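S.K.: Have a look at this one before I ask anything.
The values are calculated or read from the model by the stated rules, or taken from the named source; none is laboratory data. All values reported here derive from a predicted model rather than from experimental measurement. Backbone-built Cβ (ideal geometry, glycine too); neighbour counts: all protein chains shown. Side chains are part of the model used for accessible areas, which takes the heavy atoms of the whole protein and leaves out ligands, DNA and RNA. Shrake-Rupley method; radii C 1.70, N 1.55, O 1.52, S 1.80 Å.
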Amino acid sequence: MSTLYTEAQTWLSQDWERVEHDLGSKAESLKGARVLLTGAAGFLGFNFLHFLNYLNRRKSGRRSAIQVVAVDNYLRGKSRWIVELAQADPNIELRTHDITHPWPADDTRYDFIIHGASVASPTFYRQYPLETLDANVAGLRNMLDLARMASVKSMVFFSSSEIYGDPPAHEIPTKETYRGNVACAGPRACYDESKRLGETLCYIYAQQYSVPVKIIRPFNNYGPGLRLTDRRVLPDICADVLADRDVVLYSDGKATRTFCYSSDALTGYLLILLSTHEGEAFNIGSQAPEVSIYELATMVSRVAGSNRSVVSRQSEDKDYLTDNPQRRCPDLSKAKMLLGYQPKVDLRIGISRLIGWYKTFLPLEEVEK
């Protein structure tokens, strides 16, 4: 077991202890389960795999271990962290597979399916629009068919808060019942509209075949495992701060978002997975504070102790801000009432954790092409 892996587990343990505490007895449902995780090499996969590994290290006896089949096509390379994690935990099996292709018919023994395979960063899904659409539709349908054949206990599909588009002011905070204001053609449509169609597929499979699938709509999750090169706003800001240069925003910085730390988000994801709310969608995120991108950049700089300025420039990419929502804030009433979900990590504390992670563990981002 590598020193880097060991140090990372120690560093992350307080996050996983919080998740385990908040799940309570529900975590027992994972004992001895066989789990299929798609998109295993991404940010979602990082958090699921490390937490499941944490549970495995705390359990005694092989019969209680969680068996995980971790699947990815490694479109963006294979990070060092996932290789070392699989080497350290014999219960985690890495597979290279494109989920837009049919799943092997002789491999259907699964208790849970976590379908997180997608391209979530606007920079990258615009580079791979058809691959993004295929993962969210064809790949999802393959997983729904597998869930049906395997008679799984539960399945989750990672949709997105982007399915809401750009809501009017009276629809913010945004409830799951809001139907959206989304462009069906444009640079973001491959992601937004395929996630919306994915939700329709989940609804049909739940209604027609009684597949126990649930829909997760994440709102701006962040934390350890989010690549510094991801090209989403928070890692971009962190990259500037860590390089001791001015923070550059390619907008006026007025758009607002809420941000949810990874341990809070993971708790919500698992509460949904282990629930019985078949065919339903849940917002997962933080309802406050809703901050502007300029305020976020200033906060990151202050938390990191930087004296650099926050400046605005026009992007050379003419479509950089096309269809970019001006506000994004979830109404969490449904998740709180039906799941007992309650995010706890303060934004400043979460940012401090993220910066500390980048400073300490950037080698975990090393990839094999």
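S.K.: So residue 66 ticks every box in (1) aliphatic (A, V, I, L, M); (2) open to solvent by less than 20 Å² (accessible area, probe 1.4 Å); (3) under 20 Å from the mean Cα position of the chain (by Cα); (4) over 23 Å from residue 198 (Cβ atoms) but one. Which box is left unticked?
M.R.: Every listed condition holds for residue 66 apart from (3).
S.K.: Is one or more of the residues making up region 268-285 touching a Pro at 6+ places or on another chain (Cβ under 8 Å) and open to solvent by 50 Å² or more (accessible area, probe 1.4 Å)?
M.R.: Yes, some residue in region 268-285 is touching a Pro at 6+ places or on another chain (Cβ under 8 Å) and open to solvent by 50 Å² or more (accessible area, probe 1.4 Å).
S.K.: Where in region 76-190 are there helices (runs of 4 or more DSSP H), lying wholly inside it, with at least 1 residues that are aliphatic (A, V, I, L, M) and in contact (Cβ under 8 Å) with a residue 12 or more places away in the chain?
M.R.: Per the criteria, 80-88, 129-134, 140-150.
S.K.: Something else: Mind listing whichever residues of region 17-42 are surrounded by fewer than 22 Cβ atoms within 10 Å (Cβ to Cβ) and in contact with a Lys or Arg (Cβ under 9 Å, 6 or more places away or on another chain)?
M.R.: 18, 20, 22, 29, 31, 32, 33, 34
S.K.: Mind checking which residues of region 219-260 are open to solvent by less than 50 Å² (accessible area, probe 1.4 Å), more than 26 Å from residue 332 (Cβ to Cβ) and either of a type in the set (S, T, N, Q) or within 14 Å of the chain's Cα centre (by Cα) (or both)?
M.R.: Scanning region 219-260 gives 227, 251.
S.K.: Quick one: how many residues across region 75-90 are in contact with a helix residue (DSSP H, G or I) (Cβ under 9 Å, 6 or more places away or on another chain) and more than 21 Å from residue 9 (Cβ to Cβ)?
M.R.: Adding up the residues that qualify gives 2.
S.K.: Continuing with the same structure: Looking only at region 71-88, count every residue that is surrounded by 18 or more Cβ atoms within 10 Å (Cβ to Cβ) and of a type in the set (Gly, Ala, Ser) and tell me the total.
M.R.: Adding up the residues that qualify gives 2.
S.K.: Among the residues that make up region 89-101, is at least one of them modelled with pLDDT of 95 or more, open to solvent by less than 30 Å² (accessible area, probe 1.4 Å) and under 26 Å from residue 144 (Cα atoms)?
M.R.: yes
S.K.: How many residues are charged (D, E, K, R) and either closer than 26 Å to residue 273 by Cβ or in contact with a Cys (Cβ under 7 Å, 6 or more places away or on another chain) (or both) when one looks only at region 338-369?
M.R.: Total meeting the criteria: 3.
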